[in-house]
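All of the numbers you see were taken from the coordinates with simple rules; none came from a lab. Everything numeric in this text was worked out from a predicted model, so none of it was measured. Neighbour counts are summed over all protein chains in view; Cβ atoms, including those assigned to glycine, are modelled from backbone coordinates with ideal geometry.
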Amino acid sequence: MIGNESIDLSLKNIWKSWSEFRKGKRTSIELHAFQYDLEKNLRELHKDLNEGQYHHGGYRKFTVCDNKKREISVAQIRDRVVHRLIYDYLEKIYDKTFIYDAWSCRKGKGLLGAIERTACFLKRYDTHTHTHTHTAKPFFGPRFSREPLPGCT
């Protein structure tokens, strides 16, 4: 519990976390198996969380070789639903404390927003200034604000 607000472990909220987790996922054997008994699986997760019996499971590991060789570790689906539940809880608390220009994993932000904002900054400065800034200092200075600069939102 943080402040006066504790995490909502209701079955309704677990279903919501499942739906958010499921968005954009490719179908896999593991996903099909979990969905086959979806209601049972989510009810068991609800029971385990509310009775303090939940334990995080193991990880499935595999290697990907795209540009470079990387080892990937993936939690079981039930654990990933819990990760989403925790993420949604913490996001409400911490998002408002981040500086305006933190773009990763935030609602209404992301890669495209970061690119557009960077393009706006680059238009404000002549070529020499932003080339020097890019090579010498990767940021435009120690400006840390929760509000956007005027003209670049």
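Details
- Candidate aspartates and glutamates - alpha carbon under 19 Å from residue 69, same-chain residues fewer than 8 apart omitted: none
- Members of 68/109; 16/92; 23/109; 12/109; 23/61; 40/92 lying beyond 20 Å, as alpha-carbon distances in this model show: 68/109; 12/109; 23/61; 40/92
- Between residue 62 and residue 122, the C-beta separation translates, for a Förster distance of 35 Å, into a calculated FRET efficiency of about 0.35.
- Protection proxy ranking of 82-88, 65-71, 95-101, 21-27, by the mean of other Cβ atoms within 10 Å over each peptide's residues and highest first, is 82-88, 95-101, 21-27, 65-71.
- Between residue 107 and residue 50, the distance separating the two model label sites (each 7 Å from Cα on the Cα→Cβ line) works out to 2.5 nm.
- Global form of the range 1-89, assessed from the alpha-carbon gyration tensor, a/c cut-off 1.5: prolate
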